[in-house]
Amino acid sequence: MRVVIQRVSKAGVSIDGTLKAAIDKGLLVLLGIEDADNSEDIEWLSAKIVNLRIFNDAAGVMNISLRDAGGDLLLISQFTLYAATKKGNRPSYIRAGKPEIAIPLYESMLHRLEEDLGKSIHTGVFGADMQVELVNDGPVTILIDSKVRE
């Protein structure tokens, strides 16, 4: 699994011109899934997202987690995180998870994030054409791949 985590002061997702979900202070998480992902990836990545200390403490130092900050989370599925660009100029998405595998993993990640965060999170719609708006706070943007645990 791959994620792009963005600390936001606000973010929202619309589908067909209708606002589906919106958050204020929190994290916008773009989630890419491949067929090789499993429950171990979900558990590790969810804990990492919820506990990542990227919110400022009273001294202005990034030392507070999403959970401790009381922030919200907006989860958006994004198969393009598995784009292969080695050959030519048209990306290949051959590594992106097939829907029959990716949808259950996405739903499992959603439930695990809610469990780890201790509250409901907001989402887009898996596979939909979505318009995502955000105000990146910082900016703070972090890339994590569950197969490359750096």
(message) Taking the criterion of being in contact with a strand residue (DSSP E or B) (Cβ under 6 Å, 6 or more places away or on another chain), assigned to a loop (DSSP other than H, G, I, E, B) and either over 12 Å from Met109 (Cα atoms) or open to solvent by less than 20 Å² (accessible area, probe 1.4 Å) (or both), would at least one residue in region 56-70 satisfy it?
(response) yes
(message) Report every pair of residues separated by at least 6 positions or lying on different chains whose Cβ atoms are under 6 Å apart, first residue within region 124-150 and within 20 Å of Asn38 (Cβ to Cβ), second of a type in the set (Lys, Arg) and not in a loop (DSSP other than H, G, I, E, B).
(response) Asp145/Arg2
(request) Would you point out the residue of region 26-55, among those that are among the aliphatic types (A, V, I, L, M) and assigned to a strand (DSSP E or B), that is nearest to Arg2 (Cα to Cα)? (result) Leu31
(request) Filter region 62-89 down to residues that are within 14 Å of the chain's Cα centre (by Cα) and among the β-branched types (Val, Ile, Thr) and give me whichever is nearest to Val132 (Cα to Cα). (result) Ile76
(message) If I filter region 71-89 down to residues being open to solvent by 50 Å² or more (accessible area, probe 1.4 Å) and β-branched (Val, Ile, Thr), which single residue comes out as farthest from Asn51 (Cα to Cα)?
(response) Thr85
(message) Name the single residue that is nearest to Asp129 (Cα to Cα) among those in region 1-36 being among the β-branched types (Val, Ile, Thr) and open to solvent by 30 Å² or more (accessible area, probe 1.4 Å).
(response) Ile15
(message) For region 132-145, check the following and say yes or no: at least one residue is surrounded by 14 or more Cβ atoms within 10 Å (Cβ to Cβ) and part of a helix (DSSP H, G or I).
(response) no
(request) Working only within region 115-149, note down all residues that are in contact with a Ser or Thr (Cβ under 6 Å, 6 or more places away or on another chain) and at pLDDT 95 or above. (result) Asp116, Gln131, Val135, Asp137
(request) Have a look at Ser39, Ser120, Ser92 and point out the one that is in contact with a helix residue (DSSP H, G or I) (Cβ under 8 Å, 6 or more places away or on another chain), free of Cβ contacts under 8 Å to residues at least 40 places away in the same chain and open to solvent by 40 Å² or more (accessible area, probe 1.4 Å). (result) Ser120
(request) Would you mention how many residues in region 98-117 are of a type outside the set (A, V, I, L, M, F, W, C), under 23 Å from Ser14 (Cα atoms) and open to solvent by less than 60 Å² (accessible area, probe 1.4 Å)? (result) 3
(message) Being touching a residue at least 24 places away in the same chain (Cβ under 8 Å) and in contact with a Leu (Cβ under 6 Å, 6 or more places away or on another chain) narrows it down to one residue among Ser108, Ser77; which is it?
(response) Ser77
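The values are calculated or read from the model by the stated rules, or taken from the named source; none is laboratory data. Every value quoted in this text rests on a predicted model; they were computed, and no experiment measured them. Here the Cβ is made from the backbone with ideal geometry for all residues, glycine too, and neighbour counts use every protein chain on show. Accessible surface areas use protein heavy atoms only, side chains included; no ligands, DNA or RNA. Shrake-Rupley method; radii C 1.70, N 1.55, O 1.52, S 1.80 Å.
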